[in-house]
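The values are calculated or read from the model by the stated rules, or taken from the named source; none is laboratory data. Because the structure is predicted, anything quoted here is derived from the model rather than measured. Every residue, glycine as well, gets a Cβ built from its backbone with ideal geometry; the counts of neighbours run over all protein chains shown. The accessibility values were calculated without ligands, DNA or RNA, using every heavy atom of the protein model including side chains. Shrake-Rupley method; radii C 1.70, N 1.55, O 1.52, S 1.80 Å.
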Amino acid sequence: MLAADPVALANRLRPVLLRLNRELRREIHSLGINSGQASLLFQIKGRPGMGVRELAELERVSAPAMSKSIDRLERAGLVTRARGMDRRRVGIAVSAEGERVLASVRRRRTAWLAARLKELSPADVAALERALEPLGRLLEVEP
């Protein structure tokens, strides 16, 4: 079997991934947060105590822009800020309400995706399962 042309494959894969992402993002609108806020909550949950500057670097935005985003999450009761041992550094953590929202986000997205997977043939599901590992490796490759 010949390897697919990377540009042709990218042109076919990109719109599918974008549409899948868009559909998954729609599942959280009723929770009162947007997909960007959900993404930040997931990042913070994975790195509790991280500072605003670190989070800004991770998300590739300016520190002032990230600070505004964190302010909104804090006003909504989804994150907390706490001073660490170094009094100059303030760490961010997901609050109990933020944890509840994240669990709801995960449940809704999983339910949406599982319902669609049930509509596919066993062969299609097996093909998707085989594609998971190489798709994951795409995220590890640095351009």
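Which value, in Å², gives the accessible area per residue of segment 57-122 when a 1.4 Å probe is used on the protein heavy atoms? Don't jump to the answer; show the numbers that get you there.
Details: 4610 Å² over 66 residues.
On a per-residue basis, segment 57-122 sits at 70 Å².
Taking the helices alone, the chain has a mean residue ellipticity at 222 nm of -22000 deg cm²/dmol, built from -39,500 (n - 2.57) per DSSP H run of at least 4 residues and averaged over all its residues.
Remark: relative contact order (the chain) = 22 percent; criterion is Cα-Cα distance under 8 angstrom and separation of 6 or more residues. Looking at segment 51-143, the trypsin sites (Lys or Arg not before Pro) that sit in a DSSP loop and have at most 16 other Cβ atoms within 10 Å of their own Cβ are Arg60, Arg87, Arg88, Arg89, Lys118.
Projecting the Cα atoms of Ala8, Leu139, Gly46 onto the dipole axis of the chain, where Lys and Arg carry +1 and Asp and Glu carry -1 at the beta carbon, places Gly46 farthest toward the positive end. On segment 1-64, 57 percent of the accessible area sits on carbon and sulfur atoms, based on a 1.4 Å probe.
Using percent of Cα pairs over 20 Å apart as the read-out, say which of (i) 56; (ii) 47; (iii) 59 was calculated from these coordinates. Computed from the coordinates, percent of Cα pairs over 20 Å apart corresponds to (iii). Here the Karplus relation 6.51 cos²θ - 1.76 cosθ + 1.60, evaluated at θ = phi - 60°, turns the backbone of segment 20-29 into coupling constants of 4, 4, 4, 5, 5, 4, 5, 5, 9, 4 Hz, with x for every Gly and Pro.
With +1 assigned to the C-beta of every Lys and Arg and -1 to the C-beta of every Asp and Glu, and no other charges, what is the dipole magnitude of the chain about the Cα centre in debye, to the nearest 20? Walk me through the numbers before you get to the answer.
Details: 27 positive and 17 negative charges, 114 e Å.
The calculation lands at about 540 debye.
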